[in-house]
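Visitor: Dumping the structure here so I can ask a few things about it.
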Amino acid sequence: MSKILIKSAMLINEGKRQNADVLIENGRIVRIDTDISDAQAQVISAENKWLIPGVIDDQVHFREPGLTHKAEIQTEARAAVAGGTTTFMEMPNTQPQTLTQELLEQKYQRAAACSIANYSFFMGVSNENLEEVLKTNPKNVCGLKIFMGSSTGDMLVDQVAVLEKIFAETDLLIATHCEDEQTVRANEALYKHVYGEHIPFAYHPHIRDEAACLRSSSLAIDLAKKHNTRLHILHISTQDELALFSNKLPLEQKRITAEVCVHHLWFTADDYAQKGSLIKCNPAIKAPHHRPKLWEALLDDRLDIIATDHAPHTMREKSNPYTTAPSGLPLVQHALLMMIEAHKKGWITMEKVIEKMCHAPATCFQIKERGFIREGYWADLVLIDPEAKTTVSKNNLHYKCGWSPLEGETFGAKVTHTFVSGHLAYHEGKFFDNQKGQRITFER
């Protein structure tokens, strides 16, 4: 059926709440009004439910190709949709790394065949692939990804001359992972001298410390200001970096933007005692005094976007000693519920949650006709029961890795329906993947 009518929903969108019906036809929102009737439409009752735009996650690692023992585009896209994320932007540190236009297009083709969610992929940058980078089309690729430190293999860009050239010559948005590699290596050497391979995980934020983050973020911003480059710094984790960002311009006018991830808003370094390697990630979850400052900067718009940096590994890999246990944790299925829980605790309004998880990514990346509930836009929509409960357990996880650092947590809300590009993709634990998500495009 090409028409869907969502009845009696509480729309939360663009800073407002209203009771309304939404009519979807051929994938798009064609009408928002009260008391819509259409005999040809499939009717879905949304009484006592919130209707919000689908979450747009600007940073995920779905591990395909080459690392599919950890995750696949198909499995992780399902987990995303089950959690209310309708669009993802995936990172290039796969095997092989996405450093050529051919490899980039192969990922798009794979997603077209298997992803239940909408998708885009970052083009990777190395010290050696500038010619390939400059071929990237800004109309249909979300951006370039630069690991300015703390990466492996060819993905580490540590030559200042290369960075200068990329920042000077590209018209694309550059997304950066900012940790200073020399600082991290020096810190780790000190702890390895004492503990060998078995460094306590509690020292992870001392190894990947505030200075490493600040040095690298400052360099990226200096380059962006010098060349007027469109820069987006990922996963800010320290209060030290917050002075680098401003709230003096509206988001659509900013040339330098920043993201904060759900785990840096949720956990603190005190949680290493219980969670250990399960919350080992880069940049590290820091000491408790950083978290309230991150919240403060998010609420006053110095930080622009909430994302996940969803990065699954197998439990066997995570069970290794510190030096060989990989960094990253799976979060995309529960990120929205985490922020709804933060709302219920009084930390943030739902209007702000939606701004930072739905509207802001669309604005920041200039995504075409998504991220808002508007007539004429694609119908990427999520229905939430704000009074139901969701308990995280292995039995209801959709990640291929089969674990979550949130197991045992009960959230005071539930995602009941997720609509992707106008079709019902998920409802009460069931997936409807006869239709796939779409490749998103950009208004640049």
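The values are calculated or read from the model by the stated rules, or taken from the named source; none is laboratory data. Remember, it's a predicted structure, so these values are computed and weren't measured experimentally. All Cβ positions, even for glycine, are placed from backbone atoms using ideal geometry, and neighbour counts span all protein chains on display.
Visitor: Quick one: is GLN18 modelled with pLDDT of 95 or more, assigned to a strand (DSSP E or B) and within 26 Å of VAL260 (Cβ to Cβ)?
Guide: Judged against the criteria, GLN18 is not a match.
Visitor: Consider LEU190 carefully, then state whether it is without any contact (Cβ under 8 Å) to a residue 12 or more places away in the chain, in a loop (DSSP other than H, G, I, E, B) and assigned by TED's automatic domain parsing to the domain that holds LYS293.
Guide: no
Visitor: Let me ask something else about it. Identify, from the list LEU298, LEU337, LEU303, the residue that is among the aliphatic types (A, V, I, L, M) and farther than 26 Å from ASP385 by Cβ. Break it down stepwise before answering.
Guide: Numbers: LEU298 fails: farther than 26 Å from ASP385 by Cβ; LEU337 fails: farther than 26 Å from ASP385 by Cβ.
So the residue among LEU298, LEU337, LEU303 that is among the aliphatic types (A, V, I, L, M) and farther than 26 Å from ASP385 by Cβ is LEU303.
Visitor: Also: Please pick out the residue among LYS389, LYS352, LYS356, LYS400 that is touching a residue at least 24 places away in the same chain (Cβ under 8 Å), among the charged types (D, E, K, R) and closer than 24 Å to VAL141 by Cβ.
Guide: LYS356
Visitor: Suppose we filter THR183, THR176, THR170 for residues that are touching a strand residue (DSSP E or B) at 6+ places or on another chain (Cβ under 7 Å) and surrounded by fewer than 23 Cβ atoms within 10 Å (Cβ to Cβ); which single one remains?
Guide: Of the residues listed, the single one that is touching a strand residue (DSSP E or B) at 6+ places or on another chain (Cβ under 7 Å) and surrounded by fewer than 23 Cβ atoms within 10 Å (Cβ to Cβ) is THR170.
Visitor: With surrounded by fewer than 18 Cβ atoms within 10 Å (Cβ to Cβ) and under 19 Å from CYS358 (Cα atoms) as the only criterion, which of LEU265, LEU331, LEU299 stands out?
Guide: It is LEU299.
Visitor: Taking the range 127-167 as the search range and keeping residues that are modelled with pLDDT under 90 and under 21 Å from GLU259 (Cα atoms), which one is surrounded by the most Cβ atoms within 10 Å (Cβ to Cβ)?
Guide: So the residue we want is GLY149.
Visitor: Still on this structure, please answer the following. For GLU72, indicate whether it is charged (D, E, K, R), under 22 Å from VAL392 (Cα atoms) and surrounded by fewer than 23 Cβ atoms within 10 Å (Cβ to Cβ).
Guide: Numbers: charged (D, E, K, R): yes; under 22 Å from VAL392 (Cα atoms): yes; surrounded by fewer than 23 Cβ atoms within 10 Å (Cβ to Cβ): yes.
Yes.
Visitor: What number goes with the only condition from (1) touching a Cys at 6+ places or on another chain (Cβ under 7 Å); (2) at negative phi that LEU331 does not pass?
Guide: The one condition LEU331 does not meet is (1).
Visitor: For the range 222-238, state whether one or more residues are of a type in the set (Lys, Arg) and touching a Ser or Thr at 6+ places or on another chain (Cβ under 6 Å).
Guide: For the range 222-238, residues of a type in the set (Lys, Arg) and touching a Ser or Thr at 6+ places or on another chain (Cβ under 6 Å): absent.
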